[in-house]
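Peer 1: This is the structure I want to talk about, given as structure tokens.
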Amino acid sequence: MLTGSESGRAGAVRWLFTDRAGGVSVDPYSSLNLATHVGDASGVVSENRAAGLTLLSGAGALASMRPTHGTGVAVVTAAGESEDVDALVTTEPGLALLALGADCVPVVLFDLAAGVVGAVHTGWRGLRDDVVGAALSAMLGLGAQGQRIEALLGPAICGPCYPVPAERAQEIEGVAPPAVGTCKDGQPSIDLRVGISYRLARRGVSARYVGGCTAEDSRYFSHRRDGITGRQGAFVVLDRA
Ligand SMILES: [Zn+2]
């Protein structure tokens, strides 16, 4: 049982945000690591992903990603792992999408009326380069409408836990001013979810948060806190008719 995970549904869309609990990986990936690109054994990652799909229910197949902090979007119609993309979009019922993160934000997007769903991985580069915007554009191309799209922003590092160099803060200031703040020690900081919400709002899309700060809460994988570690994820799927 995936004890700390959070799941939900709206109409024909189901989603699941995972944490570390309930998988079969061993340290430093214990235990529900969903990523194949972090050094964990592929067999146990497959088992972990299957456990996620079971809890999600309604999914018959999985489309996953090997994220690279880019803005690549794959429109997928079948199971498999997409290389070098940070966003997946589909209209295929029963095909679950999986976005990964460990401080970076796993994002779920959906337009219920159009039957289009998306899953995105974004850190500060994705915020700067607008990978979520790229995913939205792909969804619009599949019939989604901006005003109808809903966004869920999964567990991620919060602003006070995320100090950054001044030049990085300046870059983010240029695209998402509310994301830039100051840590307790006076260093500039970035709140990724605040920045993504800001960029989404400018496109007419409202966002809500699921889960807390990955760096503060040991139930989550945190790259900043733990170095070599696993990835939690966000699954989303359209029910099969
Ligand atoms: Zn925090």
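Peer 1: Report, to one decimal in Å, the Kirkwood hydrodynamic radius for segment 121-241 based on all distinct Cα pairs.
Peer 2: After inverting the pairwise mean of 1/r, the radius is 15.4 Å.
Peer 1: A further question follows. Would you calculate the separation in nanometres between label points at His69 and Ala241, each defined as 7 Å from the Cα along the Cα-to-beta-carbon direction?
Peer 2: A separation of 4.3 nm, rounded to one decimal place.
Peer 1: Binning at 5 Å from 0, report for segment 104-191 what percent of all alpha-carbon pair distances ends up in each bin.
Peer 2: All Cα pairs, binned at 5 Å, distribute as 3, 15, 22, 20, 15, 12, 8, 4, 2, 0 percent.
Peer 1: Which of the peptides 185-195, 54-64 is most tightly packed, and how do the rest follow, judged by the mean count of other Cβ atoms within 10 Å per residue?
Peer 2: Those peptides, ordered most packed to least, come out 185-195, 54-64.
Peer 1: Could you tell me what fraction of 2.2 N^0.38 Å the Cα radius of gyration of segment 179-241 comes to, as a two-decimal ratio?
Peer 2: Here the answer is 1.44, to two decimals.
Peer 1: Report the label-to-label distance for Thr54 and Arg219 in nanometres (one decimal), using points 7 Å from each Cα along the Cα→Cβ vector.
Peer 2: Label-label distance for Thr54 and Arg219, simple model: 2.1 nm.
Peer 1: Could you work out the helix-only [θ] at 222 nm for the chain, with each DSSP H run of four or more residues adding -39,500 (n - 2.57) and the total divided by the number of residues, to the nearest 500 deg cm²/dmol?
Peer 2: -6500 deg cm²/dmol
Peer 1: Shifting gears a bit: How big is the Kirkwood radius of segment 1-116, worked out from every pair of different alpha carbons and given in Å to one decimal?
Peer 2: 14.6
Peer 1: Then there's this: Per residue and in cubic angstrom, what volume does the convex hull of the Cα atoms of segment 49-147 have?
Peer 2: 93
Peer 1: By residue number, which cysteines of the chain lack any other Cys whose Cβ falls under 4.7 Å from their Cβ?
Peer 2: So, Cys104, Cys161, Cys183.
Peer 1: Quick check: residue separation of Ala41 and Leu142 times 0.36 nm, minus the Cα distance between them. What number comes out in nm?
Peer 2: That pair, Ala41 and Leu142, stretches by 32.8 nm at full extension.
Peer 1: Follow-up question, since we're still on this one. State the Kirkwood hydrodynamic radius of segment 6-238 in Å, one decimal place, computed from all pairs of distinct Cα atoms.
Peer 2: For segment 6-238, inverting the mean 1/r across all distinct Cα pairs yields 17.3 Å.
Peer 1: Counting pairs of alpha carbon atoms under 8 Å apart in space and at least six apart in sequence, what relative contact order in percent does segment 6-238 give?
Peer 2: 25
Read the figures in this text as sums done on the coordinates, not as results from a lab. Note that the coordinates shown come from a computational prediction; the quantities given were computed from them, not determined experimentally. Neighbour counts run over all protein chains shown; Cβ positions are idealised from the backbone, glycine included.
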